[in-house]
Structure formats: C-alpha cells, structure tokens
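The values are calculated or read from the model by the stated rules, or taken from the named source; none is laboratory data. Everything numeric here is computed off the predicted structure, so don't read it as measured data. FYI the Cβ positions are ideal-geometry reconstructions off the backbone, even for glycines, and counts take in every protein chain you see. These accessible areas exclude ligands, DNA and RNA; they are computed on the full protein's heavy atoms, side chains included. Shrake-Rupley method; radii C 1.70, N 1.55, O 1.52, S 1.80 Å.
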Amino acid sequence: MKLDDVRVHVLAIPLREPVQFSWEPFPRPVYVFSIVEVESGGHMGYSAIEFGAAYKQFLETTVKMVVQGLNMEIEEIDPRLLEIGSWAIQRLGALEVAIRDLVAKREGLPLYKLLGGSRRRVKVYASTGRLLSAEETLELVEKYAEMGINVVKLRFRREKIEDDLEVLKAVVRDFPDLRLAVDANQAWSYTPPYWSRKQALKVARELEKYDVLWLEEPLWKDDIEGYRWLRENTGIEIAGGELEHGLQRFRMLIENGAFDIVQADSVYSNGIAECRKIAALAEVFELKFMPHAWDPGLGWLANLHLAASLPEKLCPYIETPLDPLWWSDVMFGVLNGNVEIEKGYAKLPEEAGLGLEPDEEKLKKFRIA
C-alpha cells in the first residue's frame, strides 16, 4: 500500500481566558497546533502535535516528497528517515502515528489491539500545568477527586522552593489519601528559576517526607551525570525524557542511569514503534515507562493507545492534562468526540484506529493554514 498524500491543518482555538503554563514565559490567549492527515487507498489517518505553520511547510513539501510512493507497511519505513527529520527540522512522530491510525483503520481494529494490547482502560494521573496558589490548587484537586482520580502531578517552578512546598503541604493536609508527583520543568524551560544539583537534591529529600511518587525533570536535559547522581542520593523516583527523540539517545539515558521513569512521547519522539522499543529497553533495566501526554487530543490519544499496549506494571498511568478543568474542551475541541474518564481510568475507544477523528466543520472554523 502506497502513501497517496500528506496534509497538515494548522488550527488556532481561542481560549476562554489567557493561560500561562509553568514552562512558558508568557500567557497564551490562543492554542495553536497542527493535525496531520495521511491518505492511502481510500483510507485516512490522523494525529496532532503542538506545532504550527513551519510544521505544515516541512511535512507538505520535504517530507511528502520523500515518503510518497514508499511501501505503506509501517515496519518497512526506515526509522532513520523519521529520526533525521526530527533531528534536522521538526518532529516526525506525529506522521508515524497518523500512518498507524490509517493502518489500524484498514485492519478494522482499535490501535491498541493492533499493537497487541488488551487493557481496555488505563489509570489516569491528573497533570496540573499552572503555578496556582494553594487555595486554587485545592479547588482543582477536589474536582479531580470527584472524578475518581487519586494521583495528581503538581508543578514546582515558583521563585522560591519554599513556596512550591507550601502548595504541596496544603494538598497533603487536605487530601491525605491522594498520591502526588512533582514536575520541576527544569529540562527544557525558557525562563528561570533554574535549579542546581544541590537544589534538586534539597527538593527531592523534602518530597521523600510526603511519600511523593516521582520528581520529574529536576535538572537540565543534558546533565546526565547529575540525574544519575540525584538518583543515587535520594529514594524518590526520578522521571524525564518527555521531549527527547531517537532510540540511541534513550539508550544512552537509560544505560547511564538517568531515570527511574522514562517518559517518551509518541508524537514528540519518532512514533509509536520507537516508543515501544524504548519501553522494552526500560523494562530490561527494571524501570517504568509512562509517556508524556500533554498533547492535542489526537496526540494524547496516541499515547493512551501506546500505554494500553504495554503491561500495567511497566506503564501504570497515562498523563492527562486537566488544568484548567476545561482544557479537555481545547484538546478535543475539533474532534468528533471525547474520551470518557470513569473512576479514575481513561477508557480506550473501541472504534478502529485512534477512535476519534477531526470534525470537518470544526476544522473549517479554526483552521488558519
């Protein structure tokens, strides 16, 4: 089966109010992202990634010319093609996911079943995104609890670490049965504060007192020795790798002892095939694999199917952006449905492929390129 076409729809969804996430320097009034569409033999496949017009230009020109006419069996697409595109210009994981969506539809199977998975639901952890006050955080967490979610990830990037810890302590005080994780967003952020190794260790040792599940990205992405040193000097699990790509890069990170939890994302790496190999490597080293999934709806769905294709012991949770609470309306705002969260679990769609598709009228409404 040959690839007939590659198209990219750049969309802009106005937000109810400007939102500034902990890793961003300014508030954003609009959410801009791209939906990738591939066509072959009358079948369509889709994915999404948080890139804009430059991504459309890259995929519809250079990438399209390279991949058109290649054999459509996904295993026969050379992973080096994906990696060189991700390394040189923009991430090609979203293209690989769209092709997998198409193949699963051709086979009439939900993607997770095509991958050999049998989990029909995956436990959610609610991922906060903003640096809120303690009172605002408690209001959010109460809503999560009403949804049956009992694992929440807080953001630590305030000017003073003591202020971060005060928010954590408030949540522990009011929700003693809740399990918490912390994301420091130190690996990729544009703006300070930037932690030293000693600051990261100070935080990790404080988090140990509250039985926090993991500390995510506490150091700059290339401080591999620092990550290993931190793991050796604290009992809390260290997580990272969310925006990394390339099997050899992950092999280096894992073999050098950087992480307890590996967080490759199927659209920001080189796709689902690469992520499953990374997950297998993590399993060999007795680590966990839990994909980063702060993505537009189809990107999040890809990581949900990826998680459901892996053993629960290896991949116990799927990250789910729920801050602000209406963020799911943005994630799924141009699709023909949503994903149900029931008693703290995300239910896998049973339709073929990813299970959801873009709604053409909504695409027309929000398309900017």
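Quick check: is even one residue across segment 226-240 under 24 Å from CYS275 (Cβ atoms), of a type outside the set (Val, Ile, Thr), within 19 Å of the chain's Cα centre (by Cα) and in a loop (DSSP other than H, G, I, E, B)?
No, that holds for no residue.
Report yes if some residue within segment 67-78 is part of a strand (DSSP E or B), in contact with a Lys or Arg (Cβ under 8 Å, 6 or more places away or on another chain) and at pLDDT below 85; otherwise report no. Lay out the reasoning, then the answer.
Taking segment 67-78 as the starting set, the residues that turn out to be part of a strand (DSSP E or B) are 71.
Those left that are additionally in contact with a Lys or Arg (Cβ under 8 Å, 6 or more places away or on another chain): 71.
Adding the requirement that they be at pLDDT below 85 leaves 71.
Yes - at least one qualifying residue is present in segment 67-78.
Every residue in segment 353-365 that is buried (at least 19 other Cβ atoms within 10 Å of the Cβ) and either touching a Ser or Thr at 6+ places or on another chain (Cβ under 6 Å) or in contact (Cβ under 8 Å) with a residue 60 or more places away in the chain (or both), please. Write out each step before concluding.
Quick first cut of segment 353-365, residues buried (at least 19 other Cβ atoms within 10 Å of the Cβ) only: 353-358.
Answer for segment 353-365, where residues must be buried (at least 19 other Cβ atoms within 10 Å of the Cβ) and either touching a Ser or Thr at 6+ places or on another chain (Cβ under 6 Å) or in contact (Cβ under 8 Å) with a residue 60 or more places away in the chain (or both): GLY353, LEU354, GLY355, GLU357, PRO358.
Which pairs have Cβ atoms under 7 Å, sit 6 or more apart or on different chains, and link a residue in segment 272-292 that is acidic (Asp, Glu) to one that is surrounded by fewer than 21 Cβ atoms within 10 Å (Cβ to Cβ) and at pLDDT below 95?
GLU274/PRO79
Restricting to segment 243-265, count the residues that are closer than 30 Å to ARG173 by Cα and either over 17 Å from the mean Cα position of the chain (by Cα) or open to solvent by 10 Å² or more (accessible area, probe 1.4 Å) (or both).
Looking only at segment 243-265, we keep the residues that are closer than 30 Å to ARG173 by Cα, and these are 259-263.
Still in the running and either over 17 Å from the mean Cα position of the chain (by Cα) or open to solvent by 10 Å² or more (accessible area, probe 1.4 Å) (or both): 259-260.
Total satisfying the criteria: 2.
Consider segment 136-174. How many of its residues are in contact with a strand residue (DSSP E or B) (Cβ under 9 Å, 6 or more places away or on another chain), over 17 Å from TRP326 (Cα atoms) and open to solvent by 60 Å² or more (accessible area, probe 1.4 Å)?
1
Can you tell me which residue among PHE21, PHE51 is under 16 Å from the mean Cα position of the chain (by Cα) and either farther than 21 Å from LEU335 by Cβ or in a strand (DSSP E or B) (or both)?
Of PHE21, PHE51, the one residue that is under 16 Å from the mean Cα position of the chain (by Cα) and either farther than 21 Å from LEU335 by Cβ or in a strand (DSSP E or B) (or both) is PHE21.
For segment 150-179, which residues satisfy the criterion of being in contact with a Phe, Trp or Tyr (Cβ under 7 Å, 6 or more places away or on another chain) and of a type outside the set (Lys, Arg)?
Hits for segment 150-179 are VAL151, VAL152, ASP164, LEU168, VAL172.
Scanning segment 104-152 for residues that are hydrophobic (A, V, I, L, M, F, W, C) and part of a helix (DSSP H, G or I), which turns out farthest from GLU351 (Cα to Cα)?
The extreme case among them is ALA134.
Read through the list (1) closer than 22 Å to GLU350 by Cα; (2) in contact with a strand residue (DSSP E or B) (Cβ under 9 Å, 6 or more places away or on another chain); (3) open to solvent by 40 Å² or more (accessible area, probe 1.4 Å); (4) not in a helix (DSSP H, G or I), then give the number of the only condition that GLU37 fails.
(3)
Residues in segment 288-297: is at least one under 17 Å from the mean Cα position of the chain (by Cα), farther than 13 Å from GLU319 by Cα and open to solvent by 10 Å² or more (accessible area, probe 1.4 Å)?
Pass one, segment 288-297, residues under 17 Å from the mean Cα position of the chain (by Cα): 288-297.
Cutting the leftovers down to farther than 13 Å from GLU319 by Cα gives us 288.
Adding the requirement that they be open to solvent by 10 Å² or more (accessible area, probe 1.4 Å) leaves 288.
Among the residues of segment 288-297, at least one is under 17 Å from the mean Cα position of the chain (by Cα), farther than 13 Å from GLU319 by Cα and open to solvent by 10 Å² or more (accessible area, probe 1.4 Å), which makes the answer yes.
Against the condition touching a Leu at 6+ places or on another chain (Cβ under 6 Å) and at pLDDT 95 or above, how does ILE254 come out, does it pass?
Considered against the rule, which asks whether it is touching a Leu at 6+ places or on another chain (Cβ under 6 Å) and at pLDDT 95 or above, ILE254 comes out as yes.
Spot the failing condition for ALA187; the list is (1) of a type in the set (A, V, I, L, M, F, W, C); (2) part of a loop (DSSP other than H, G, I, E, B); (3) surrounded by 22 or more Cβ atoms within 10 Å (Cβ to Cβ), and only one is missed.
So ALA187 meets the others, but not (3).
Can you confirm whether segment 274-287 contains a residue that is at pLDDT 95 or above, within 23 Å of TRP23 (Cα to Cα) and open to solvent by less than 20 Å² (accessible area, probe 1.4 Å)?
Within segment 274-287, none of the residues are at pLDDT 95 or above, within 23 Å of TRP23 (Cα to Cα) and open to solvent by less than 20 Å² (accessible area, probe 1.4 Å).
Does GLU217 satisfy the criteria of being open to solvent by less than 80 Å² (accessible area, probe 1.4 Å), within 12 Å of ILE238 (Cα to Cα) and of a type outside the set (S, T, N, Q)?
yes
Report yes if some residue within segment 49-61 is in contact with a Phe, Trp or Tyr (Cβ under 6 Å, 6 or more places away or on another chain) and either free of Cβ contacts under 8 Å to residues at least 60 places away in the same chain or not hydroxyl-bearing (Ser, Thr, Tyr) (or both); otherwise report no. Lay out the reasoning, then the answer.
Within segment 49-61, the first condition is being in contact with a Phe, Trp or Tyr (Cβ under 6 Å, 6 or more places away or on another chain), and the residues that meet it are 50.
Checking the rest, the ones that are also either free of Cβ contacts under 8 Å to residues at least 60 places away in the same chain or not hydroxyl-bearing (Ser, Thr, Tyr) (or both) come to 50.
Yes, there is a match, as at least one residue in segment 49-61 is in contact with a Phe, Trp or Tyr (Cβ under 6 Å, 6 or more places away or on another chain) and either free of Cβ contacts under 8 Å to residues at least 60 places away in the same chain or not hydroxyl-bearing (Ser, Thr, Tyr) (or both).
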